[in-house]
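A short worksheet on the structure shown next.
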Amino acid sequence: MTNTETPNNQTEFALLFEESLKTQPENIQEGEIVRGTVVAITHDAVIVDFGYKSEGQVPLQEFEGPGGQVAIQVGDTLDVYLEQIDCEEGLPVLSKEKADALKIWDKLQEVLDHDSYIEGVVLNKVKGGLSVDIGVKAFLPASQIDVRTPGNLDKLIGKRFRFKILKLNKKKGNIIVSRRALLEKDRGSAREEVFNNLQEGEVIGGSVKNITDYGAFLDLGGIDGLLHITDMSWGRLGHPSEILTVGQDIKVKVLKIDPDSGKVSLGLKQLTSDPWVQVPERYPVGSRIKGKVVSLADYGAFVGLEDGIEGLVHVSEMSWSKKNKHPSKILAPGDLVEAVILDVDPATRRISLGMKQIMENPWVAVAEKYKIGEKVKGPVKNITDFGIFLGLSDDVDGLVHVSDVSWTKLARPLSAAFPKNTVVEATILSIDVDNERISLGVKQMSDDPWPRASKELGIGSRHPGKVVWIGEKGIAVDMGAGIEGFVPRTELPDEFQADPAKKFPIGGDVQVVVHSIDEKERKIQLGFVL
C-alpha cells in the first residue's frame, strides 16, 4: 500500500493549498463524471486527486476483482462519479462503479432493448446470488444462474459467461442479469433440433437428470425422455436407484415419440436380448437349480438364477412344516439356496421354485412309520373350532376332529378339555400323504359308553360327579366313563350365581340330578343336589 506524499511543514502545505484554489475549476458539481489520479490506497479506500480543493475517496471494494484482488495502483488515472462534495467529516465521496455505469449505460440499454446479451465475469458471492462484472457490477440472482439449482457457487468465480439483462435502474445504478434465460433459449433451440432428428428405434446417449419411484428422466441434449422402471431390466427391480444415479451417462433405445405431447419413451433393457425367450428350455420343470436370494417378501423369497431371471420360492414351498413362519425366519438376502423348478410361465415371466422338494418328505416317512389303528401320543399344538392338532414330529401334526374327541357332547370347550401342550393319546384313523393329512381319534381309545349310560342316567336320577370347568353360562361336571353333564348357571341358588366356585370349586366332588337327556346330540343337562 502506498500513502499520499505530504509536505514537511504546515507553511509549505498552506502555500500549496492556496495555489490549488487558484487553479480549481469553479464549475465542478455533484452528479458529474470527473477525471482524477490515484494518489494513495488505504485499507478501505482509494484516494483520488480530481483537481478540487481536496482529494476524494472511492471505496476500495469497487476495485476488487475475482478472488478479492485489487486492480488499481498509485498513479493510475480514471474517471469517477462525484457523489458528494461537502462532507462534514472526511473527503468528497467518489464512485468508480457509477462512473463506469454512466459511461456504458447506453450500451446496456441497447442490449436490453434488442433482447441481446452481454459478456461478463463472475466476481464473488453475495447474499442471494453472485456479483458479476459486465463493465459495471451487476447482480446475478441464484435462481437465474442455471436451469437447475447450482451446487458450489465458488467454482463459478472468475469464469466468463454470457448474460441477459433482466432489469436496469439507472437512477439507483442497479442491474439484474440472468444466465438461465440464455441457457433456456439455447436449450429450446437444441430441443427442437434434437426432437426433429430423433427416430424411434435408434440408440442415443443421455444423462440421468432425475430419479422417481416409477422411473428416471434423462437429458437427451435439449429434451427429456422417460425411462420407465419396467424398461430398465428384464428382471425384477425394486427401485430405479438400484441401477442408476443422478448424473450418470447411459445409452438407451428410443421406444416411442409422441409429437403432440413432446414425450419420449426410452428403454434400457431393450439393448440386450430378452433372456425369457429361452427360459423354458434352460429351466425345465422338475430340474434342480442353485441361486442367491436377492430379496424377501411377506409371501416368499426371490432367487436370482441369472441376469434378468428370478424365481419365487413361496413361503409354503420352503418347508414341509405347516407352521406359519415369515420367510426372514428361514432365509436372508445373499443366501445360496438349492431348489426345484415347479412351474415356468413365460407369458407372465414367472418361475415358481420349491425348496422343500429337495428335502425328504416327512409325510412319506410318516406313512412308512405309522399304520392305521396304531396308537400314538403327542402334545396339543393347536386348538380350533373343528378340532385339536397333536404334534407327531417337528413337521407333522395330526388332527383330532371335534367329532372324534368324545363319544358324547363335551360340556366344556376343547381348550378346557385339552389345554395346549397337554400330551394326548389317540388312534390313527387315516393317513393321506398326497394331501398331507393324518386323522386321529381320541374317543376310539375306549368303547362307546352311551348305550349303557343312557339307561343308567334316567331323568330324575342322582349321581356323584366332579366339577371340571366353570364358564359364564354354567358348570361342567364329569360323571365318569367319559360322560360329561352341564349345569346351567340359572339352576344355581341366587347366592352362588355371582361366584359359583365358592360352593362348587373345580375338582370338587358334587351330587347331581339328571334334568334332561338329548339322545341325538348325546347331551345331558344336570342340576346340583344341595
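What follows draws every value from the coordinates through simple rules; no lab data is involved. No experiment lies behind these values; they were computed from the predicted model shown. All Cβ positions, glycine included, derive from the backbone under ideal geometry; neighbour counts span all protein chains shown.
Using just its DSSP H runs of length 4 or more, each adding -39500 (n - 2.57), the chain gives a mean residue ellipticity at 222 nm of -4000 deg cm²/dmol after division by all residues. Comparing PRO500, VAL46, SER328 along the charge dipole axis of the chain, the residue lying farthest to the positive side is PRO500, per the Cβ-charge model. Based on the convex hull around the alpha carbon atoms, the range 276-339 presents an average projected area of 4.5 nm².
Going by neighbour counts of Cβ atoms within 10 Å, the residues VAL126, VAL38 line up, fewest first, as VAL126, VAL38.
Working from label points 7 Å from Cα in the Cα-to-Cβ sense, the ASP186 to ALA332 distance is 5.3 nm. Our analysis of the range 198-271 gives Rg over Rh at 0.93, with the two radii drawn from alpha carbon positions and Rh computed by the Kirkwood formula.
Axis of helix 10-23 versus longest Cα principal axis of the chain: the two differ by about 80°, to the nearest ten degrees. With neighbour counts taken as other beta-carbon atoms within 10 Å, the residues TYR52, TYR299 rank, fewest first, as TYR299, TYR52.
A simple spin-label model places the labels of SER295 and LYS171 6.3 nm from each other, with each point 7 Å out along Cα-to-Cβ.
Translational diffusion coefficient of the chain (Stokes-Einstein, Kirkwood radius from Cα pairs, 4 °C, 1.567 mPa s): 38 µm²/s. Each residue in LEU218, LEU392 was given a count of other beta-carbon atoms within 10 angstrom of its own, and listing them fewest first yields LEU392, LEU218.
Placing unit charges on the Cβ atoms only, positive for Lys and Arg and negative for Asp and Glu, gives the range 450-528 a dipole magnitude near 220 debye about its Cα centre. Measuring max minus min along each principal axis, the C-alpha atoms of the range 226-373 give extents of 78, 31, 26 Å (largest first). For GLU519 and ASP307, the difference between the fully extended length at 0.36 nm per residue and the C-alpha to C-alpha distance is 69.4 nm. Summary of the geometry: the range 160-183 and the range 345-407, compared by the centres of their Cα atoms, lie 81 Å apart.
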